[in-house]
Structure formats: structure tokens, C-alpha cells
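What follows is a short report on a single structure.
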Amino acid sequence: MAMTDRAIESPAEVIPSAHKKSAPASRPPLQAIQGGMSDESSMRARQGWSWTTVLSSAWMQTLLGAVSIGSVLLFWHFATEYRWDFYIRFSNIPTPGDVWHTMVEVNQSTKFMTNVWMSLRRILEGFFIAAVLGVFLGILVGRYRLFRSLTMPAMEVFRPIPAIAWVPMAIMIWPSNEGSIIFITFIGAFFPILLNTIHGVEEIDDVLFRAAASLGTKEKDLMLYVILPGALQHIFTGLAVGMGVAWVSLIAAEMISGQYGIGYFTWEAYSLIEYPKIALGMLTIGVLGLLCSKVIQLCSKWSTPWIGAAAGGKK
């Protein structure tokens, strides 16, 4: 009974030393661990706010864009004001002030705005047709191997031909200069949209197709709810590239065969040796192209919100 009483009083003495638990004092308290993790997370959050969040904010992006454009204008001002001459010459280039006065002068009549409106109408018509056909054919080519074998060899023959090379042929094919200019604009935008759409369809994960097939999805629903959303990011990339090429093609066509348009305005100014009007025409083309690209970017963000959410952690 004495040993029993002793065992009851001191149970640790009958437990082998090999089975004893380590002293809990060697482990840091749970509160300390949580506190350290909290401090580290808060420090990372503060670092993320100070750099990533600020740099990606809308007002900072606007400020950086203003600095970018302002630096170009500042260089232009000093180069033309002091007539810099080092391999490239700025002696005959008009100053920003000259271009500003020319813009005020040409806007006193409706002729300049008519040229701008004609170019916008042509670019929208040609680009819209190219977008519809490019996306539609790109999805079919990327989805169906037979359709690809029937159509791609012929389109690959026409794809390397520059849009400007189509000008003489377009003048002969179309009954009016207006139709030929829109056709050339269409040709410039069509192939970038087509190829990016095909690439987007081919990049869709096969797991999505197998999952849709296992659920009994019809081909029409597969096109609308799997293929089109899956390729949408590449489609908008093609639209952005196609818009840039469309402007290049349009201006070249207007310079050669147009009677109105900002390209015709710029070429006419060159023929009359009116340098400020040449610079004004170039700047107008740049601003209009920038606005068109911004519209495509906004449509992309609105149509593919999951892409922005997935890329939110990128610096």
C-alpha cells in the first residue's frame, strides 16, 4: 500500500524517461507566433500600399502618362526653338506654337473637321467588318481541322501582301474610291484579328472541352460559353493590333487615292510645303489612334473582368 500511495502521489516517477514529453517552455507561445505573423503581414501590406497600390492607382497612371507626353513636347520645343543640328536636323521642323496656331486657324472652317470625320467613318467601317469576319473565321479555323485545311492555305497566300500593295487593285475592283479605301482598311485589320483569334482558340485547355462534352453541351453552347470566353483575351489583343495596322493602311490609302480624310490633308500639306499642317495631321492621326486603342482596352476590361482579377497581384 505504501508503494501504491507513493505511485499515486508521484506518477511521474514510474514513467520511463524515454517517454517523457519535452518541456513546453522551449516552444514559443501561440500568441507570440500569431503576433509575429501579424507584424510581418502588416509590414508587407504597408510595403504593398506604398509601391504597388500607389503606382497602379488611376491618378498615378494619369500623372505618369502626362509626364511621358510632356517630356516629348518639351524635347520638341527645345529642339525646334534652338534649331538643334546633330545628324538629325530640326531647322525646318515647326515649333509646337506654330502647330497650335495652325490648329486654331484650320478649325475656323469645317474643312478640317470634315477630313477628321471621313477618316473616322472609314476606320470604323473597315475595322468593324474585319473584326466580325476575323473573329468568326478565326473561331472556325481554330475549332475545325477540316475548315482550317480548306481555308488557311489560301489566306496564307494573301496575308504577306501589304495593305498598301492592294491600292491599285482595289481601285480597279471597287466602283468608287470610298469603297477601295474601306477595303484597304479592312485588309490591314483582318489578318491580325484572324491569327490572334486562331491562337486563342488553340490555347484553350482540353480539360474544358472534355468537361463540356461530359455534361452533354451542344456545339452552339460550346462556342458561346467555352470557346469565345476562352479566346477573348487573344481576340482583344488582335483587335488592338488590328486597329493600329488599320490606321496605317487608311492613311496610306487616303494619301494615294483619297479626296478627303486626315491622310489626304497631310499629303496635301506636304505638296504645298506647309510644314505646320503636316505636323498637325500627324498629331491628329496619333490622337485618333490613341483614342481608338483606349476604347478597345476599356471594352476588354469590361468583357473580361476575370483577367484583371487574376493579374491583380502582378507588379
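Quick notes
- Residues of the range 191-215 that turn out to be open to solvent by less than 60 Å² (accessible area, probe 1.4 Å) and either touching a helix residue (DSSP H, G or I) at 6+ places or on another chain (Cβ under 6 Å) or more than 20 Å from residue 166 (Cβ to Cβ) (or both), as a count: 12
- Every residue from the range 259-285 that is assigned to a helix (DSSP H, G or I) and of a type in the set (Val, Ile, Thr): 262, 266, 278, 284, 285
- Qualifying residue in the range 151-164 (condition: more than 21 Å from residue 200 (Cα to Cα) and charged (D, E, K, R)): no
- Residue 173 modelled with pLDDT of 95 or more and either open to solvent by 50 Å² or more (accessible area, probe 1.4 Å) or basic (Lys, Arg) (or both): no
- Condition check for residue 258 on (1) of a type in the set (Gly, Ala, Ser); (2) farther than 22 Å from residue 189 by Cβ; (3) buried (at least 19 other Cβ atoms within 10 Å of the Cβ): one failure, at (2).
- Matching helices (runs of 4 or more DSSP H) fully within the range 30-106 where at least 2 residues are open to solvent by 50 Å² or more (accessible area, probe 1.4 Å) and modelled with pLDDT of 80 or more: 58-81, 96-106
- Residue 167 open to solvent by less than 60 Å² (accessible area, probe 1.4 Å), touching a residue at least 40 places away in the same chain (Cβ under 8 Å) and farther than 30 Å from residue 232 by Cα: yes
- Within the option set 232, 291, 272, being under 21 Å from residue 118 (Cα atoms) and of a type outside the set (D, E, K, R) holds for one residue only, 291.
- Flag for residue 121 being surrounded by fewer than 12 Cβ atoms within 10 Å (Cβ to Cβ) and more than 30 Å from residue 225 (Cα to Cα): no
- Listed by first and then second residue, the pairs linking a residue in the range 135-161 that is within 21 Å of residue 240 (Cα to Cα) to a residue that is open to solvent by 80 Å² or more (accessible area, probe 1.4 Å) and among the acidic types (Asp, Glu), with Cβ atoms under 8 Å apart and 6 or more places separating them unless they lie on different chains, are 142/202.
- Sole residue being in contact with a Pro (Cβ under 9 Å, 6 or more places away or on another chain), assigned to a helix (DSSP H, G or I) and either surrounded by fewer than 16 Cβ atoms within 10 Å (Cβ to Cβ) or at pLDDT 90 or above (or both), chosen from 179, 188: 188
- Answer from 132, 141 - the residue that is loosely packed, with under 13 Cβ neighbours inside 10 Å, within 27 Å of the chain's Cα centre (by Cα) and part of a helix (DSSP H, G or I): 132
- Taken as a whole, the range 242-253 holds at least one residue that is surrounded by fewer than 20 Cβ atoms within 10 Å (Cβ to Cβ), of a type outside the set (D, E, K, R) and under 24 Å from the mean Cα position of the chain (by Cα).
The values are calculated or read from the model by the stated rules, or taken from the named source; none is laboratory data. In this text, all values refer to a predicted model and were calculated from it rather than measured experimentally. Using ideal geometry, Cβ is built from the backbone for each residue, glycine included, and neighbour counts are taken over all protein chains shown. The protein model used for the area step is the full one, side chains on, heavy atoms only, and it has no ligands, DNA or RNA in it. Shrake-Rupley method; radii C 1.70, N 1.55, O 1.52, S 1.80 Å.
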